[in-house]
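What follows is one structure encoded as structure tokens, with my remarks underneath.
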Amino acid sequence: MNKKNTANFVLAMIGIILFVTVYGILLPRMEREDQVYAAQQTDPLTHNIEESIRYKNKYMGDAGNLSGLIHSLPLGNIESELELFPDKLAANILYKSFTADITPELLERSLIYNATATFALIDNLQEIRYTFSDLSYVVSREDAEMLQGQANSPLINSPNKWRTEFQSKLEDSKYVEMGMKTLY
């Protein structure tokens, strides 16, 4: 083999090795990591609030923004529609699912988490109705503030405080039970 053929062979081998590395190892690993992260975003115990903070808004009337927020929170993976009632400063999230399709612990934690996050991020929203095919849950800002202190608290501005002072409480079943009684 002459030098030119040897160089071409070496370059071809390098290309094949790079191709196999990228498409056989790196891309599948990145896809798995994305799937794990997406699954974490559906659980209030592992949800990353930083993904939702970008939807912070003074007014609930921006349907696209509010819809983006709802889909960035736990239960956001469930197909839903959004109805806004600007005269009441209320929103209705219509989930196309039954509550029985969701484990009770996940449902209750998600309802508390989502209400707290939504009131903290949408300043003038006063009421949220979570409507499933079989049940509805209505929560007011006043009730959320009673549970959390002040719903529009500085916690939302500090993801670390959010995790330690609110999100971690959702691990306690007594807190979740008390939260459901207070809110719903």
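The values are calculated or read from the model by the stated rules, or taken from the named source; none is laboratory data. Values in this document were obtained by computation on a predicted structure and should not be read as measured data. Every residue, glycine among them, receives a Cβ derived from its backbone with ideal geometry; neighbour counts consider all protein chains shown. Protein only, heavy atoms only, side chains kept; ligands, DNA and RNA dropped before computing areas. Shrake-Rupley method; radii C 1.70, N 1.55, O 1.52, S 1.80 Å.
Residue count for segment 59-78, restricted to those that are closer than 20 Å to Q40 by Cβ and not hydrophobic (A, V, I, L, M, F, W, C): 6. For segment 102-116, the criterion of being under 19 Å from E51 (Cα atoms), open to solvent by less than 20 Å² (accessible area, probe 1.4 Å) and in contact with a Gly (Cβ under 8 Å, 6 or more places away or on another chain) is satisfied by at least one residue. Assigned to a loop (DSSP other than H, G, I, E, B) and open to solvent by 60 Å² or more (accessible area, probe 1.4 Å): does that describe N77? So N77 fits the description; yes. For segment 118-147, the candidate set comprises residues that are surrounded by 15 or more Cβ atoms within 10 Å (Cβ to Cβ), assigned to a helix (DSSP H, G or I) and out of contact with any Phe, Trp or Tyr (no Cβ under 7 Å at 6 or more places or on another chain); within that set, the residue that is modelled with the lowest pLDDT is L147.
Within segment 160-184, residues that are without any contact (Cβ under 8 Å) to a residue 12 or more places away in the chain and over 21 Å from Y137 (Cα atoms) sit with their Cβ atoms under 8 Å from residues that are of a type in the set (A, V, I, L, M) and assigned to a helix (DSSP H, G or I), at 6+ positions apart or across chains, in these pairs: K161/L155; E165/L155. May I ask you to list the residues in segment 92-101 that are in a helix (DSSP H, G or I) and either touching a helix residue (DSSP H, G or I) at 6+ places or on another chain (Cβ under 8 Å) or open to solvent by less than 50 Å² (accessible area, probe 1.4 Å) (or both)? Within segment 92-101, just T99 meets the criteria.
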